[in-house]
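Encoded as structure tokens, the structure appears first; notes follow it.
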Amino acid sequence: MSASKKRVIRYDDKIKYLPCDQLYNLFKLAGWTEGSETDEMLKNFNVPFINSTLVVSAWDNERLVGVVRVLSDKVIRSVIYDLVVDPEYQGQGIGKELVKRCIRHYPYTEWLVQTTENIAGYYEKMGFKRYKDVVLSIPSKWQ
Ligand SMILES: CC(C)(COP(=O)(O)OP(=O)(O)OC[C@H]1O[C@@H](n2cnc3c(N)ncnc32)[C@H](O)[C@@H]1OP(=O)(O)O)[C@@H](O)C(=O)NCCC(=O)NCCS
């Protein structure tokens with residue numbers, strides 16, 4: 001895209017009540033939904049965001065083009081979840097800006113993210129180091 005056509009992206013770190021339809025669409029574009037959600041699940045799609053400590057979203061006018069959420073105790077540890085940027089808007093620094101804004105909120109905490117091997121390099125570029133400790137889990141009943 002030429003510089004003259006570059007869209008102005010507005011970032012918001014206050015709104016947690018993101019529109020469920022736009023949020024669901026972003027997840028669909030990222031391949032994170034199977035399209036088998038019930039009406040009840042669609043209606044509550046933004047609940048994990050509402051219940052998070054911090055949500056940062058990126059907007060092109062009224063269009064939600066990127067999002068990330070954080071669970072944090074605000075002192076010791078913060079965990080990043082659901083970083084996603086609309087493919088049409090990727091490669092413009094939006095993902096990096098979303099993460100930078102999160103870290104700025106709680107700059108003294110440890111930052112963790114669970115991701116896949118092909119995205120690990122993305123976080124390493126931003127200063128994240130691979131975690132050596134063992135991570136154990138009981139899966140969510142929604143996964
Ligand atoms: C990962 C994702 C959020 C990146 O968003 P983005 O806005 O396109 O990323 P940015 O434009 O901020 O990229 C910043 C830098 O990371 C680089 N980068 C992007 N994807 C990368 C990858 N998979 N591995 C390594 N580097 C990567 C870019 O080239 C850019 O480098 P530069 O600063 O040297 O130019 C986006 O590709 C996405 O939504 N993917 C699908 C969902 C997903 O996998 N999210 C991560 C879940 S933990």
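Brief remarks follow.
- Evaluating V75 against the criteria (1) without any contact (Cβ under 8 Å) to a residue 40 or more places away in the chain; (2) in contact with a Phe, Trp or Tyr (Cβ under 7 Å, 6 or more places away or on another chain); (3) not in a strand (DSSP E or B) leaves one unmet condition, (2).
- Residue match in the stretch 102-111 (condition: within 14 Å of the ligand (Cβ to nearest atom), within 23 Å of R10 (Cβ to Cβ) and aliphatic (A, V, I, L, M)): yes
- Count of the stretch 25-50 residues which are part of a loop (DSSP other than H, G, I, E, B) and touching a residue at least 12 places away in the same chain (Cβ under 8 Å): 6
- Of the residues making up the stretch 123-130, not a single one is at pLDDT 95 or above, basic (K, R) and surrounded by 13 or more Cβ atoms within 10 Å (Cβ to Cβ).
- Residue in the stretch 78-87 that is over 19 Å from D13 (Cβ atoms) and surrounded by 13 or more Cβ atoms within 10 Å (Cβ to Cβ) present: no
- Counted residues, the stretch 88-115 - those being open to solvent by 80 Å² or more (accessible area, probe 1.4 Å) and closer than 13 Å to A30 by Cβ: 2
- Counting only residues that are open to solvent by less than 50 Å² (accessible area, probe 1.4 Å) and of a type in the set (D, E), the stretch 26-69 holds 2 of them.
The values are calculated or read from the model by the stated rules, or taken from the named source; none is laboratory data. Model, not experiment: these values are computed from the prediction. A quick note on method: Cβ atoms are made from the backbone with ideal geometry, for glycine too, and the neighbour counts reach across all protein chains shown. To get the accessible areas, we keep the full protein, side chains included, count just its heavy atoms, and leave off ligands, DNA and RNA. Shrake-Rupley method; radii C 1.70, N 1.55, O 1.52, S 1.80 Å.
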